[in-house]
Amino acid sequence: MNIFALLMQREFLISVLAAVSAAAVVFTFGSSLIVKSEMRDRIKRVALEREKMRAEEMARLRGTIASDSRGIRRTGETKTYMKNVVERFDLKKAFQDDATVDKLAMAGFRGQGHLTTFLFMRLATPIGIFLFAAFYLLVLAPGGRPLYLNLTYAIGGALVGAYIPNLLLKNSITKRQFSIKRAWPDCLDLMLLCVEAGMSIEHAFKRVAKEIGQQSVALAEELTLTTAELSFLEDRSRAYDNLGRRTGLDGVKSVMTAMIQADRYGTSVGQALRVMAEEGREQRMMEAEKKAASLPPKLTVPLILFFLPVLFIVIMAPAMIKVFGGPVAGAMGGG
């Protein structure tokens, strides 16, 4: 009874509640400090890992720049000649617009050297074709044509040659975009697996770039460049936006927009990648169904030109042989 009475005393209950409150306060602040310490250690490890990746990318890029510089020394005269022509005739103002650099990046040509070469070819190609056509028509094969007609043909060839660099650039863009577009859904699936496995987005890009290289070299190159930009640039949104701009594909741009929003508002990157991967698979299935639906109209013309005549010959040949072969056989038998 004395113990029960002690437990029911007002002073004892107040002391117990005060002790519990003090313990709860100590536990709350202590656990928050422990969590902050763990979070601080984790942030420190991530920062060290990012610095390691940055050093690796810097070493790799230094090696690439060194090899490129050796190549430029071997062909430095041609590059200098092109640069002098571009600067002397101010070809940037004549041929370069806001989309020229983006188009070259879509084709895989980055840097000032490729831009200088493209602008030089825009000027040199029509002039070279005009000189070759004029020499061929006036000297090698005059053919008795008037002089103005030969010059007209040469000028026409020069006008056609003015579009050749743009056509070659467009062809390169189409091939590169087709390679990236074909491998992009698999790239999203691999990236989703890496992110859900606990990798950072830099490691995910780096790992997927190694794996996807067997399927699309162009996509692996773009992912590697994005990995370097994520390590160098202070704003990660710029790296994502640059990837979408270099590829020029709507699917890649939509995924990069989702990742920019996830990084800006703190939402789950894995959830965004999962949604975009599902949309990519659905889009690829729709494209396959579209190609399958377009096969019957495409097969109509070959069917009419090649299959139906042979079918008519096979069906009507025996009857025609009997009709036209009967009198001939009778005449031969009567004779």
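Within 12 Å, Cβ to Cβ, of Ala218, how many net charges do the neighbouring residues add up to if Lys/Arg are +1 and Asp/Glu are -1?
Every neighbour counted, the sum reads +3.
Do any GluC sites (Glu not before Pro) in region 226-335 lie in a DSSP loop with no more than 10 other beta carbon atoms within 10 Å, and if so, which?
Glu234
For every other residue with a beta carbon closer than 14 angstrom to the beta carbon of Met286, add +1 if it is Lys or Arg and -1 if Asp or Glu, then tell me the sum.
-1
What is the order of Val20, Val269, fewest Cβ neighbours within 10 Å to most?
So the ranking, lowest neighbour count to highest, is Val20, Val269.
Past the 26 Å Cα-Cα mark, which pairs from Lys83/Lys175; Lys92/Lys210; Lys103/Lys181; Lys175/Lys253; Lys206/Lys291?
Cα-Cα > 26 Å for Lys83/Lys175; Lys92/Lys210; Lys206/Lys291; rest within.
Mind checking the dipole of region 173-292: about its Cα centre, +1 per Lys or Arg Cβ, -1 per Asp or Glu Cβ, Debye to the nearest 20?
Charge dipole of region 173-292: 380 debye, to the nearest 20.
Bear in mind these aren't lab numbers, they're just calculated from the coordinates by the rules spelled out. Quick caveat, the model's predicted, so the values are computed rather than measured. Backbone-built Cβ (ideal geometry, glycine too); neighbour counts: all protein chains shown.
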